[in-house]
Amino acid sequence: MGLTAQIQAVRGMNDVLPADIGLWQRLEAVARELLEAYGYAEIRVPIVEHTELFRRAIGEHTDVVEKEMYTFVDQGGESLTLRPEATAGIVRAVIGNGMLRGQRHKLWCAGPAFRHEKPQKGRFRQFHQIDVEAVGFAGPDLDAELIALTARLWRRLGISRVRLLLNSLGTAESRRAYRARLVDYFRAHEPRLDADSRRRLDANPLRILDSKNPEMRELVAEAPLLTEHLDGDSRAHFEGLCAALDSIGVDYEVNPRLVRGLDYYSRTVFEWVSDALGSQDAVCAGGRYDGLIAQLGGEATAAMGFALGMERTVELLREASRQPDAPGAAGLRPPHVYVIVNGERAAAAGLRVIESLRDALPQLRFELSLGGGNFKAQFRRADRSGAQLALVMGEEELGRGAAALKPLRQEAGQSECLLVELPERILAALAAERGARHAEGGRGESIGG
Ligand code: ATP
Ligand code: MG
């Protein structure tokens, strides 16, 4: 007997199993509702784009483009890349579909992103983001509204262990002046630079500030501050944003070291971090990218967006749902009615009856005892399913055009009823069941309609 090798999932790419799906669906549902309430429309863009898009949007000298992209040549000889983030694709779509021309758009999308990083807790090779972009809004009022949206999302999800970090990167011009000072500073300390930083010194010295190497921490801490080189307009923009956040009671910490991993940001950058996640502590990050659209060939248009890491948010949700009095993270809910079939003819009739019940009572969940089996075993399965009611179909009752209903969560006998009366009898039995549970102080689920 030969053993066949088992096929493993790709490293860093995870299955979301039914036990966890409730947390994911809650995040998706709450985010969708909130985004709609703030006037954001969903957009869906491809997973795969031309490699050139990410090179130009994200920047050549970033970790993502230098070493993390899943790039391949397709059968037609084109270099394509699995998206490492969603902003570039959305901007490409907005330009390519003629959506600019002075129009403004609030857009969001959710889905997977791919980066060839070292897999660890909170860091995967396929991960998921909710990505939110506002195109055509130049003022700090948009920045404030966008950040308020994220703050409200945490509240709606019951997540409290998060902090908001805020900074301004200024304009491309003010960054140029700062960049020159930064290069002078790091050159003066060149022996202390690690290999990555040395390479970036000419190409992209700001990225050195984002170094994850602990040995670089001290050097980075003493580097000149970007905040001191802000141009007047950027300073006013940032002050406008801070005042707006103050006025709506969103707390933040200004962190002059906050730069973002992607090159396209200007002015406002922000990041939500949590102390509940270990070292991969960023859950949601974004900023303004007023120059990106022109850089990708569109007419110059101000824009801002953020991406929320769904895996890390689900971890926070899991943590929050362990707190007492947290709303339950319901996965798949149990059926209302479990249909037991006794005998071959009943099994055939069971399928017909359950399908017509699904027509008559679309608000209810039914489970058919597939595969039949002996009566006792089927009752055990009905019980384990969590259903409130069993519908028992036997050959003999069927002969009379009838079946039996039996409450599963109460001490009550079964009662026979005509097949044609099943819909109303099922509703009545479930209502009686709810009544009984209310009397005991339990919580019932509404099944109106
Ligand atoms: P980090 O500093 O953790 O590498 P980043 O700056 O590269 O994050 P962004 O590109 O801004 O992250 O992506 C936005 C969010 O997506 C992050 O805040 C994080 O929650 C999530 N994220 C990014 N990379 C990964 C990954 N490899 N696995 C899981 N989530 C990720
Ligand atoms: Mg990263």
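Numbers at a glance
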item	result
For region 96-233, the spread of Cα positions along each principal axis, largest first, Å	47, 41, 35
Lysine pairs within the chain, Cα separation less than 29 Å, 8 or more sequence positions apart or different chains	6
Value of relative contact order over region 337-439, rounded to a whole percent, pairs C-alpha under 8 Å and six or more apart	27 percent
Equivalent ellipsoid semi-axes, the chain, via Cα gyration tensor eigenvalues times 5, rooted, Å	55, 24, 21
Cα convex hull volume per residue for region 269-413 (Å³)	236 Å³
Among beta bridges that DSSP assigns inside the chain, antiparallel share in %, nearest 5	80 percent
Estimated distance in nm for a label pair at Arg257 and Ala9, the labels positioned 7 Å out from Cα along Cα-to-Cβ	3.4 nm
Percent RCO, i.e. relative contact order, over region 251-374, from Cα pairs under 8 Å lying at least 6 residues apart	16 percent
Rounded to 5, the percent of DSSP beta bridges in region 337-439 classed as antiparallel	45 percent
Region 153-295: translational diffusion in µm²/s, Stokes-Einstein, Kirkwood Rh over Cα pairs, 20 °C, 1.002 mPa s	131 µm²/s
Potential lengthening between Ala377 and Tyr185 on full extension [0.36 nm per residue; Cα-Cα distance subtracted]	61.5 nm
For q = 0.10 Å⁻¹, Debye-computed log10 I/I(0) when each Cα of region 1-134 counts as one equal scatterer	-0.43
Accessible area of Met304 in the full protein assembly, 1.4 Å probe (Å², nearest 10)	0 Å²
Efficiency of FRET between Lys212 and Arg365 - r from beta-carbon atoms, R0 41 angstrom, step 0.05	0.30
Accessible area of the chain divided out per residue, in Å², using a probe of 1.4 angstrom	50 Å²
Proximal charge balance of Arg123 [Cβ under 10 Å; K/R count +1, D/E count -1]	+3
With every protein chain in place, the chain: carbon and sulfur % of accessible area (1.4 Å)	51 percent
Ala110 long-range amide H proximity, modeled H, under 5 Å	Asp131
Cα-only radius of gyration and Dmax that characterise region 337-439, units Å	12.7, 40
Computed over the chain: relative contact order in percent, which uses C-alpha pairs under 8 Å that are six or more apart	15 percent
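The values are calculated or read from the model by the stated rules, or taken from the named source; none is laboratory data. What you are looking at is a predicted structure, and each value in this text was computed from that prediction instead of being measured. We place every Cβ from the backbone using ideal geometry, glycine too, and count neighbours over all the protein chains shown. All accessible areas refer to the heavy atoms of the entire protein, side chains included, with ligands and DNA or RNA removed. Shrake-Rupley method; radii C 1.70, N 1.55, O 1.52, S 1.80 Å.
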